[in-house]
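See below for the structure under consideration.
The values are calculated or read from the model by the stated rules, or taken from the named source; none is laboratory data. If you're wondering where the values come from, they're calculated on a predicted model, not measured in any experiment. Here the Cβ positions follow ideal geometry from the backbone for every residue, glycine too, while neighbour counts run over all protein chains shown. Each accessible area value is taken on the protein alone, full model and side chains, heavy atoms only, with ligands, DNA and RNA left out. Shrake-Rupley method; radii C 1.70, N 1.55, O 1.52, S 1.80 Å.
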Amino acid sequence: MTSADQAVDTLSSVVDVQKYNRSIHIMAMLIVGFGFLMVFVKKYGLSAVTATYLLVSVSIPLYFVINSKGIFGHPQESVIDKLILAEFAAASLLICAGAVLGRLKMYQYMIMGVLFIPCYMLNEWIVLDNGFGLIPRGGCSDTGGSIIIHTFGALFGLGVAMTMTTKKECETEIESDATSDRFSMLGSMVLWLFWPSFCAALVAPADIPATVSNVVIALCGSTIATYFASVALRKKICIADIANAALAGGVAIGSTCDHASLTAAFTIGILAGVLSTFGFAVIQGKLQDLTKKVDTCGVLNLHGLPGLMGGIAAIFVVKDINTSAHLKSILVTIVVSLVTGYIVGIVLSLFGRRTEAYVDSEEFIE
Amino acid sequence: MTSADQAVDTLSSVVDVQKYNRSIHIMAMLIVGFGFLMVFVKKYGLSAVTATYLLVSVSIPLYFVINSKGIFGHPQESVIDKLILAEFAAASLLICAGAVLGRLKMYQYMIMGVLFIPCYMLNEWIVLDNGFGLIPRGGCSDTGGSIIIHTFGALFGLGVAMTMTTKKECETEIESDATSDRFSMLGSMVLWLFWPSFCAALVAPADIPATVSNVVIALCGSTIATYFASVALRKKICIADIANAALAGGVAIGSTCDHASLTAAFTIGILAGVLSTFGFAVIQGKLQDLTKKVDTCGVLNLHGLPGLMGGIAAIFVVKDINTSAHLKSILVTIVVSLVTGYIVGIVLSLFGRRTEAYVDSEEFIE
Amino acid sequence: MTSADQAVDTLSSVVDVQKYNRSIHIMAMLIVGFGFLMVFVKKYGLSAVTATYLLVSVSIPLYFVINSKGIFGHPQESVIDKLILAEFAAASLLICAGAVLGRLKMYQYMIMGVLFIPCYMLNEWIVLDNGFGLIPRGGCSDTGGSIIIHTFGALFGLGVAMTMTTKKECETEIESDATSDRFSMLGSMVLWLFWPSFCAALVAPADIPATVSNVVIALCGSTIATYFASVALRKKICIADIANAALAGGVAIGSTCDHASLTAAFTIGILAGVLSTFGFAVIQGKLQDLTKKVDTCGVLNLHGLPGLMGGIAAIFVVKDINTSAHLKSILVTIVVSLVTGYIVGIVLSLFGRRTEAYVDSEEFIE
């Protein structure tokens, strides 16, 4: 082996190590980001971070096992690619958990995780890997996961919430205070700042600069838009809007992050910020009154609607997109997530109910 | 294209991805670091982090637009270099915001951001890029931004504070409590630990190990010095000294981070820690009594004085430095920052005044 | 120099920059991770984070000086390798500090740091670098530091605690509250997520993917096991178990992280989680009653026992291990840490005692 050959070998390892570095950034988003974003519930912070720990710890090994057995498509050869894909699944699961946060017992979160992962992998297989021969490989443009991660997780969570909301829980106010809000902003900020690594995790080195710039600019757009929308819709700023809707640009840019221009990215970010804030300020209350179901963290507004918007935006932004395959991917994701989520919710309800929602004291020593 | 050519191409992308990684570290400093450092104001934490989000989100796209139009010098070709330079500008803006924290309405922060960026870019152009032919390219030694980022931001902020301090605000005590102090220490620590990436962001790969070691050692020096100076000057430890002055080594090493020996770095760190603590413990109170102007976060003590000290230290540390050009750079930065800051302050005062300073409740839903 | 030669040069720098990146991740663990994990003590949070700052700032430059003088073995040539080794020493020191947290004055922490580092380096030299010709180079399998970092630090700390616990301190309850617990979970999570970089810090690029996957899977195992063990042993979940024992998989996988299979890693993680939780829930109280000595953070349970377990596990997991050399390494580490720790404790006790333990107010301005 010549020294040039060795150099090429090392270079390939170096590229893998860079992927690994992005996997750490994603882990920061999963653990500290999602974990602390959910700490906004005043008396449920310890449960929120513990549930985060457990959901990540259940989902990553499970993804490894199922993937290695080749149940949905071929096993990943690269262990780093597998780790990143498992983290994507964990992200989607954490989004789903946000919908029913505070209304599950700790072991129910874990059962939900065990049931979620195969459903997620089924959808991933159909949409990205030609599962059942439904959608041609490459037909879905979704590098950063607007559709298969965000929309899927949010709608699955809403499916679960259908059965996992009691009348009493629906009437219980979900309170935050200045300290829980500051923790929540910490989670939000950790998500914001590592988001470029999330979208660029599996992107080729040469395309990373453009991809990450797009993600940063989209987030800037949604953050500014959220401020204006929050003040416009509510008179004063609502910190929950800032903590959540500021991230909507990251959610929405996922489908187009490696194709958009900076101007398109900024526009998508602004639209997503407005849409998400509108969701939190207007849709959430109305929907809860209508359905008597609670979406604790408002994942419909942060992940569901902006994810769908971002998925649809791809049709206008991505050159030479296979429109019909892309739309089919969105449709399949909606159907699979809602149906499997609803079924999983029914299963979870068999494991009982909490006495009181949104309090640590039921399961934690004080 | 041979496989060797491809390897060289990939290698160049890999170097860019490493820059991108440092840009994420800097983003952590901007968003979580500066954001939470400013949360020390007890009842103003939600405003501090929201203002941070907005200042970053306004300044980065604006820097991109102005740079792309080539208004000050030639546009950057590399989008990653551009992102890092935009982050440097955002850092300087956040420093500036620290001076008037709590006394601006949320939209006034954004207006300040919009006005700050061109002023910052004007100075950057003059000092680093031979703007107006004043200073030869390479004449200013400031890889880590002691002068053009820290000193500029601090003095600009003091310029703004000239008009943006009312008598009532000057008499209002700025309170912290144990929780706001712990959040502030979190911000401080995030700044501390990622500081090497800030200073090494645009340094060539081969020079990075020496640069980052210098930064770490300088921070160790200032942290130890801060403890001793705080106890010496105040009898007991003041946590605000620790949260702030411990970082002064990072500020001061900026001008010499890629030239200093480890011993020089440690010395600069110690001196900066002492100077900064002296600023917080002694100068700040006297200056406020004298001028009746408030520097909320004490940016003069953390960024202004240590930045100047670091800039001057370069004359003794950097071999073959062009002393006159370097000193001219410092002088220009002082003049441009104070003058433009003062003008921007006058503009901001036209947009009204807060009813009460340092409280979230004026603009946030409780 | 041809362009191919230049590329090989750049590639070598790039590999160093990747090491540097891992050194930043480790710094995040040291400063924010250990720092905030120790904030669980309700009224001692400012001291905990200040002590963390000071311990890191004392130990890293000191390690540099001693290493450069070649007192224990040859000086490191690579400054990045030296930085990472210094960070390992700082990690061990912070573990040690956890044992006596709240019972030392601030300058006593620093004195402890100054005395700890040479003891640590002595052990490091004997175990890894054939010091005194006792153990053949490569005889100890401990890439991620289960033995030389975790076990050493914990036992050294227990040695110090022998003298640094008064009767009154033993009877003082160490209180936490919901806010200090949430900060502690933040520290825990930062440790968890960057742990793969800790273990892989000095691993060759080609072996990094397998190493980091093992660490992640081991942490998943200990996290799940901790939940079940905590509920089984205490009826309800204890958040201190989650914050601490969830990390035991990272501690225990250190000796085998670059050799284990994923299944072995998961098993080691589960066992470590159970062992650690058992330590916190059962052993800690009994041992304190028996010895009248306090281990504030329970470092025996998180670092001591899981570190030993991980060290012993290597005998079953690492192919072609030199069992006798490996066991000798463990034995030497136990003896050196306990003896030097005990002596350092005696020295520290000469510098006086706190009036009241576990409160910031004794040393901080309120």
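Taken over the range A:229-244, the criterion of being over 18 Å from residue A:271 (Cβ atoms) and in a helix (DSSP H, G or I) is satisfied by A:234, A:239, A:240, A:243.
Is it the case that residue A:216 is under 18 Å from the mean Cα position of the chain (by Cα), within 28 Å of residue B:39 (Cα to Cα) and more than 10 Å from chain B (Cβ to nearest Cβ)? Against the criterion (under 18 Å from the mean Cα position of the chain (by Cα), within 28 Å of residue B:39 (Cα to Cα) and more than 10 Å from chain B (Cβ to nearest Cβ)), residue A:216 does not qualify. Pairs meeting the criteria (first residue in the range A:4-26 and aromatic (Phe, Trp, Tyr), second residue open to solvent by less than 40 Å² (accessible area, probe 1.4 Å) and part of a helix (DSSP H, G or I), beta carbons under 9 Å, at least 6 apart or on different chains) are A:20/A:80; A:20/A:83; A:20/A:84; A:20/C:196; A:20/C:197; A:20/C:208; A:20/C:209; A:20/C:212. Of everything in the range B:250-306, what is hydroxyl-bearing (Ser, Thr, Tyr) and in a helix (DSSP H, G or I)? Give them in sequence order. Those that are hydroxyl-bearing (Ser, Thr, Tyr) and in a helix (DSSP H, G or I): B:263, B:267, B:276, B:277, B:291. Against the numbered list (1) more than 12 Å from chain A (Cβ to nearest Cβ); (2) closer than 22 Å to residue C:37 by Cα; (3) of a type in the set (A, V, I, L, M, F, W, C); (4) touching a Gly at 6+ places or on another chain (Cβ under 8 Å), residue C:282 comes up short only at (4).
Taken over the range C:73-84, the residue count meeting the criterion of being open to solvent by 10 Å² or more (accessible area, probe 1.4 Å), touching a Phe, Trp or Tyr at 6+ places or on another chain (Cβ under 8 Å) and modelled with pLDDT of 95 or more is 1. The lone criterion from (1) of a type in the set (S, T, N, Q); (2) closer than 27 Å to residue A:341 by Cβ; (3) touching a Ser or Thr at 6+ places or on another chain (Cβ under 9 Å); (4) facing another protein chain (nearest Cβ under 10 Å) left unmet by residue A:151 is number (4). Right, residue A:285: within 15 Å of the chain's Cα centre (by Cα) and more than 21 Å from residue B:54 (Cα to Cα) or not? Judged against the criteria, residue A:285 is not a match.
Evaluating residue B:181 against the criteria (1) farther than 18 Å from residue B:273 by Cβ; (2) touching a Leu at 6+ places or on another chain (Cβ under 8 Å); (3) without any contact (Cβ under 8 Å) to a residue 60 or more places away in the chain leaves one unmet condition, (3).
Criterion first (closer than 30 Å to residue A:356 by Cα and among the aromatic types (Phe, Trp, Tyr)) does residue A:63 satisfy it? So residue A:63 does not fit the description; no. Scanning the range C:342-352 for residues that are modelled with pLDDT of 95 or more and outside any helix (DSSP H, G or I) yields C:350, C:351. Beta carbons closer than 8 Å, at least 6 apart along the sequence or on distinct chains, never pair a first residue in the range A:342-365 that is within 14 Å of chain C (Cβ to nearest Cβ) with a second that is in a helix (DSSP H, G or I) and surrounded by fewer than 15 Cβ atoms within 10 Å (Cβ to Cβ).
Against the criterion of being more than 10 Å from every other protein chain (Cβ to nearest Cβ), farther than 17 Å from residue B:153 by Cβ, without any contact (Cβ under 8 Å) to a residue 60 or more places away in the chain and among the aliphatic types (A, V, I, L, M), residue B:66 qualifies. Among the residues making up the range B:1-43, none is aromatic (Phe, Trp, Tyr), facing chain A (nearest Cβ under 9 Å) and more than 24 Å from residue A:196 (Cβ to Cβ). Residue B:87 fulfils the conditions (1) surrounded by fewer than 24 Cβ atoms within 10 Å (Cβ to Cβ); (2) touching a residue at least 12 places away in the same chain (Cβ under 8 Å) except for a single criterion, (1).
So which of C:243, C:225, C:264 is more than 10 Å from chain A (Cβ to nearest Cβ) and either among the polar types (S, T, N, Q) or open to solvent by less than 40 Å² (accessible area, probe 1.4 Å) (or both)? Step by step, each of C:243, C:225, C:264 is checked, and only C:264 is more than 10 Å from chain A (Cβ to nearest Cβ) and either among the polar types (S, T, N, Q) or open to solvent by less than 40 Å² (accessible area, probe 1.4 Å) (or both).
Scoring residue C:296 on the criteria (1) under 20 Å from residue C:345 (Cβ atoms); (2) out of contact with any helix residue (DSSP H, G or I) (no Cβ under 8 Å at 6 or more places or on another chain) leaves a single failure, condition (2). Of the residues examined, residue C:94 is one that is away from chain B (no Cβ under 12 Å), open to solvent by less than 10 Å² (accessible area, probe 1.4 Å) and either within 30 Å of residue C:357 (Cβ to Cβ) or out of contact with any strand residue (DSSP E or B) (no Cβ under 8 Å at 6 or more places or on another chain) (or both).
Scanning the range C:97-154 for residues that are open to solvent by 10 Å² or more (accessible area, probe 1.4 Å), closer than 25 Å to residue C:354 by Cβ and aliphatic (A, V, I, L, M) gives C:110, C:111, C:114, C:115. Within the range C:134-162, the residues that satisfy the criterion of being touching a Leu at 6+ places or on another chain (Cβ under 7 Å) and closer than 19 Å to residue C:295 by Cα are C:151, C:153, C:154, C:155, C:158, C:159, C:160.
Within the range B:169-207, the set of residues being under 29 Å from residue B:148 (Cα atoms), within 7 Å of chain C (Cβ to nearest Cβ) and out of contact with any Phe, Trp or Tyr (no Cβ under 8 Å at 6 or more places or on another chain) comprises B:185, B:193, B:194, B:197, B:205, B:206.
Here is a yes/no grid of residues against (1) surrounded by 21 or more Cβ atoms within 10 Å (Cβ to Cβ); (2) farther than 20 Å from residue C:338 by Cα; (3) touching a Phe, Trp or Tyr at 6+ places or on another chain (Cβ under 6 Å):
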site	(1), (2), (3)
C:272	yes, yes, no
C:288	no, no, no
C:293	no, no, no
C:315	no, yes, no
